[in-house]
Each structure stands twice: as C-alpha cells, then as structure tokens.
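This report concerns only the one structure given below.
The values are calculated or read from the model by the stated rules, or taken from the named source; none is laboratory data. Just so we're clear, the structure is a prediction, and the values are computed from it rather than from any experiment. Ideal geometry is used to build each Cβ from the backbone, glycine not excepted, and the neighbour counts take in all protein chains shown.
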Amino acid sequence: MSSHPSHPTPAAPVTAFLVGNRRPVAFVLLALALASFAGSVYLFARTFQSSAAKPADAADEFAKLTGERADGVLSLGTSAYLLGGFGTLTLAAVLGTAGIVTLVSLPKPTAAQRDADARKALVLFGGLTGLTLTVIGFAFSVEWYRYLAEWLDTKSPPPGAYRFVLALLVFVGGAGLAFLSAQPARADERDNPLVRRLIFGMNLGLSTFLLLVLLLVANIFVTLKVPNKLDTTATGLNSFALSEVTSDYLATLDTPIAVYTTITDEDALGADVHRLLDACRDRNPQFFAVKYLSRTLNKDRIAELRSKYPQADFADDGLLVTAGRDEEQHSYIKTNGLITVPDGRAQGGPPRQEFVGESKLMRELLFLSDKKSKPTIYFTVGHGEIDVLPPEPGSPPPVGPRRSANTLRTTLDKNYVEMRPLRFDLAKPVVPPDATILVIADPTGAFSPAEAAAIKAYLNAPTASGKGGKLILLSGPTPTADRRGVADTGLDGVLTDYGVTLGRKFIVNQPVERSGYLDTLAIFSDITDPENPLAREFGGRKRRVFILPDAREVLVNPTAKPTTRAEVLMVTRPDRPTWLESEYPVNPGRIFQQMVRDRELLVAKEAEAGGERTVAAIVTEGDKGKLAVIGSGATFVDDTPGDTRHADFSASLLSVTINWLREQPPVANIAAKTYGFYTPERRLDLLRVGVLPVFMASLLTAALGVGVWIVRRK
C-alpha cells in the first residue's frame, strides 16, 4: 500500500491577513471593545437618567411615573436602552478578550500552526461576536416590532420605521458574521477535535437561534397580516351561552312569555335560534315557554296564530313573542332581524353574518313589558350641543363647527327609545312631562336662569311615568371667548342640590402613546351598588379605559336632599400624572417641562402624581338612578377617519347609563356572534411570541441532536 504525503492547506485570505497583521488587528479589536464599552455606559446612563436627575420631592414623583422626558417625547424606551446596554457590554467583553489574546499570545513557530491558530481564533471570537450582534438585533427587532405592525397595516413606513430596519440589518449582519467566521476553520475540522467542537457548537447555537427567530417571525407575521380565521360553522363547533345580562333578567321574569317559531335547526342560524330559545326556557321554565311549529304537522295551529296575530307573517320564518297570561301583548321578529351583515372591510375580509338574536329577543321582551311603549329621551338643542339628532327643519345654523354623534344615535336606536330634540320656549321654558330622561350633550353656550329652573322643576316633579325626572349631563370645559377661562353652563344651581359641581379648570395630562395632553384616560371607580349595570358592565375585572378628550373635574359633595346619594363613577388613571389649568393650555409641553423643574409651579397647578381626579359622577335617589354627569362631551363625537378610540366605547357607556336610569338591563351591549370564523387577538402575548417559539425550537433542536447522535453511533 502506498501512502501520499499530506500537503498543507493554503491559508485563506482572511487567515493570511490575521497572521500577517496580528498587532494592528489586536489594536483595532481593543478600540472596538472600548467603543462598545463606552456605548454601554451611555445606554445604561440613559436608562437611569430619571433617577440620576433627582428632581425635588413631588416633582420627582410626578416625572418618574412614566419614565419619560419632560416634554413627553422619548426617542427610545427604557427597555430599549437597557437591552442596548447589556448587548454592547457583552460585545465589548468579546472584542476585548479577542484583542488581548491576539496581542499577548506568542505566535507558533511554523506557518501551518500560525494559520491553524488564526482559524481557531476566528471561529471562536468571530462566532461569539456574530451571535452577540444577532441577539442584539433580535432584541431590538422585538422592542420595535410595533413599527412593522403599523407598516403592514398602513402600507407605508411610519415615523421611526428606520429603527426596525436598522435592528433587522444588525441581526442579519451578525448571523452572516457568525456563519462566515466558521468557514476558514473547516480545513481543520477533521484533524482538530477542539476546532470541530467549536464549529459544531457555533452551528448548533446559530441554527437554534435562527429556528427560534423563524418561528417567532412566522407568529408575528401571521398575527399581524394573515387572516388566520378558523371556520367553526361547518365543523359543528357552534356553541351558545346566555350573557350574564340575559340570564339575570330571565331569572327575575314574572310575566309569562311564549315564543312560537317555524324556524328549523337545519342550518347554523336555525341551530343558534333553537339553542337561544332552549337556554331561555331552561333559565326560567315557569315563565318562559317555547313552542316549535312544523309547517307540515302544525298547519292548523299556524293558521290560528296568523288569524289572531295578523302581524305574524308566517309565510316567512320568524319568532312570534307573546307576553301575559292572555298573550295579548305580542311582537314578531323576522328571520332577517336575527342577523346583521357588518362591513367586512373593517375585518380585512368579505362581509360575514352576525347572529344578534339574543339582544333582539331581549329588546322585544323589554318592549312588551313596557306595554309596547318606547321611553322618550329628549336632547336639548340651541346651546351649542353635540348633534345627536339630525338638525331640525328651519333651525338656525350652529355656532362653530358641527359636531355630529351618529355612532351614539345608532347605538341608542338599538335600545328601543324615542329620541326627540328639546328647544326651550324663550318665554316659558318647560321640559315635556313625557320625558323619561333629559340629556344635555356638551353645551358650549349657557342655559338661562329660566331654563335651569325648568330643568330643576322637571327633576323634582313626577313625570308621566309617575317618577321624578332623570338627567344625563355631558359637559367638557368650554373655553371663554378670550380663552382665559372656562365658560359657565348656567347649570350649577341644578347640580348643587344633588351634590355635584362642575370643575372650572382644564385637566391636562402627561402624554403617552396615542394620547395627548388633553386626552384624559379614565377608569371606573368602585361604586356602592355592585349590581349597578354600570359597575357590572365596565368595572371590576372588566374595567375598561375610556379616553375623554377635553375633560374637566366633576366634584362630588354631600347632597342637599336626604334621599339622594352622589358618588364617584369615573376617575383618571392613577399611573398618569395630571394637572389643572385655569386658562386653555396653548403650550402644555412647555408647562410640563417647567413643572418638573419648579416645585412651586407644581403645587400651583395642583399636579397629581399617583392620584385620581373625578371625571364622572352618578346620583341615586333611594335605590334608583337619578342623574349622571360626565366631564367630557367630545368623547361622544364621531371619530375622525382612521381613529376609533372614542365614539364606540363612549356610545356603549351612554347606552348602559340610559338603561340604568330606566331601570333596565343593558341589552344593547350584548355581544353578537359572528358566523364562519374565529379570529385570534392581534396583540402579541408572551405565550405566542415567547414560550411557544422557544418550546418548539428546543424540541426540534433536541430531536435533531438525538438523530445525529444515533447516526454517528452507528
């Protein structure tokens, strides 16, 4: 057997450069390490700059709540600075170690040994540097993924999108460096166990991390962009459970209800109708009866019902709902009234049907229990109020821009209420006696003393229902003509008797994302009656944040009437600093900067850090609702295009308030059931973004490792 001598592997250009320029390369690495260390010191300093500044006492407490600069604009978040600090510190350690080792180590005697050492150092330190950069880029990509989300939604790069692109470039560059640094060392892979372990270890780490990132990116992209909708209609996964509102109402039902229907359960809609009716019957079988009719077997009964109730057109399927022992009160719900087809563009797809049978049935039951009469709600006009109702024919043009509230009107229509405008007679103002509720929707002009007296008389005197009048006042702070103060509404005398006072200052807030200085974030307080529909709908664990633009305080005081009780309904979020301005704030950013530096100004502005300002209140008389006051009216105005922050939530708030004053459950807010698909939340939570990708990557990596081990053992 002949043997062939092995020839030394020619040095790669990179390896040859490292061998021939050891000292310059070492100094470059040390300089980069020093720069990285300086960068980490800077980033850590920026992370803790708020605590290092140490403003005095209340100013410190006021400024540190959100960790933002005094002007409320921060180019990087605290978490991004912290990530960057740790990342650059790790990079400095790797580069510094590589530079010191290169500088102090003695070169080997032969050229082949020197090349091998260079390749070994390259795979070790180059791989560590690349992996560090990859982790840094990945961390900042996650930190700034919101720019990608907005980019995908708007189809155009938002301000700050360069940050995500830069982080992505760092990630790709680091992965490329880690991969390329291992290529020269493959010449020693078979002969040098240490090099082989370094290459395999680096490949394993890089592959595992890239697999993790791939799973994470797939999760993010699917969540943000792909219409990941699971069709549940055809697979028999339809389910139905009564809402808490319906269940509670049926439990207290004491009027016999009978529902006749010819709808079969052969399709999704019919199946849900049967589930709804069966659930209602099971909740109160004594007073709720369901009678399913067959067009073939029950022809005589259908003809009898058609004769007794001409309104019930059994030519088309529907629900005949009767009330009372003699079944005289009745109404008929057609099948097409049980479904709606919202605009599918809001969901990024075609229109899909929604089942609204529960809320429709509940409204019919309440309608029948009120003797088929709709309560009348009057909205005052003529004082610059929000336009909840269409303008009256021949009415004078509004002073200033028109503020429409079509979303609010549409929501109230679902409550089976009669809405009418009320323009007071100048000579003898009076609130009509058939007014179930009077709504004053954010007036910009003052009510005259005679009009205020008429409202006060309406609240005190029994109305057509035999109960005292009820009031809802929406009132934000309207600037005076010279913008030097808040205009008077003329209603202080009406509210004082009930322990409520409207503040005469503007609430200003430290800005947060998507909410400016005049956008107040409000949450529900814990009110006395836990069964109050407002508390059950918006308080407790379901506590919802409302955005109240142009808000004022609503002060709660002891009431002058022994039978009434005023209490706080909504307060500002305690984690968002606020202050008060007597004049309309022209430059709130500058004022905020001054307050952070000036304790006396902080006290003068009545700044609150960690406190709660009352922005809404309710008054009960006995155990019944009497009036509600909300210190913002702009939140009920229709949203601007592309901005759905206020009107929908606020309309549901007013709808539930009206039902509370009417002593009715909030049926208008029963959620509809969408047919055909299930859409997960777009919000990226820890499970989907963190735990699941890590688990999947670890599982796949372990499986691959076991497979390689088994193959090599064989």
Here are the criteria: (1) within 27 Å of Lys374 (Cα to Cα); (2) not in a strand (DSSP E or B). Tell me which single one Leu438 does not satisfy. (2)
State which residue is surrounded by the fewest Cβ atoms within 10 Å (Cβ to Cβ) when the search covers only the range 508-552 and only residues that are among the acidic types (Asp, Glu) and within 28 Å of Leu459 (Cβ to Cβ). Glu531
On the basis of being of a type in the set (A, V, I, L, M) and assigned to a helix (DSSP H, G or I), does Ile333 make the cut? no
Candidate set from the range 464-507 (those that are among the β-branched types (Val, Ile, Thr) and closer than 21 Å to Arg565 by Cα); member that is surrounded by the fewest Cβ atoms within 10 Å (Cβ to Cβ): Thr496
Assuming Thr90 fulfils every condition listed in (1) in contact with a Ser or Thr (Cβ under 7 Å, 6 or more places away or on another chain); (2) of a type outside the set (Gly, Ala, Ser); (3) at pLDDT below 75 apart from one, which condition is it? (3)
Would you be able to tell me the number of residues in the range 592-627 that are within 30 Å of Ile437 (Cβ to Cβ) and within 30 Å of the chain's Cα centre (by Cα)? 10
For a quick check of your reading: which strands (runs of 3 or more DSSP E) sit entirely within the range 238-323 and have at least 2 residues that are surrounded by 15 or more Cβ atoms within 10 Å (Cβ to Cβ) and of a type in the set (Gly, Ala, Ser)? 318-323
Is it true that some residue in the range 294-304 is in contact (Cβ under 8 Å) with a residue 40 or more places away in the chain, among the aliphatic types (A, V, I, L, M) and within 14 Å of Val259 (Cα to Cα)? yes
Sole miss for Arg590 among (1) within 24 Å of Thr657 (Cβ to Cβ); (2) in a helix (DSSP H, G or I); (3) of a type in the set (D, E, K, R) is condition (1)
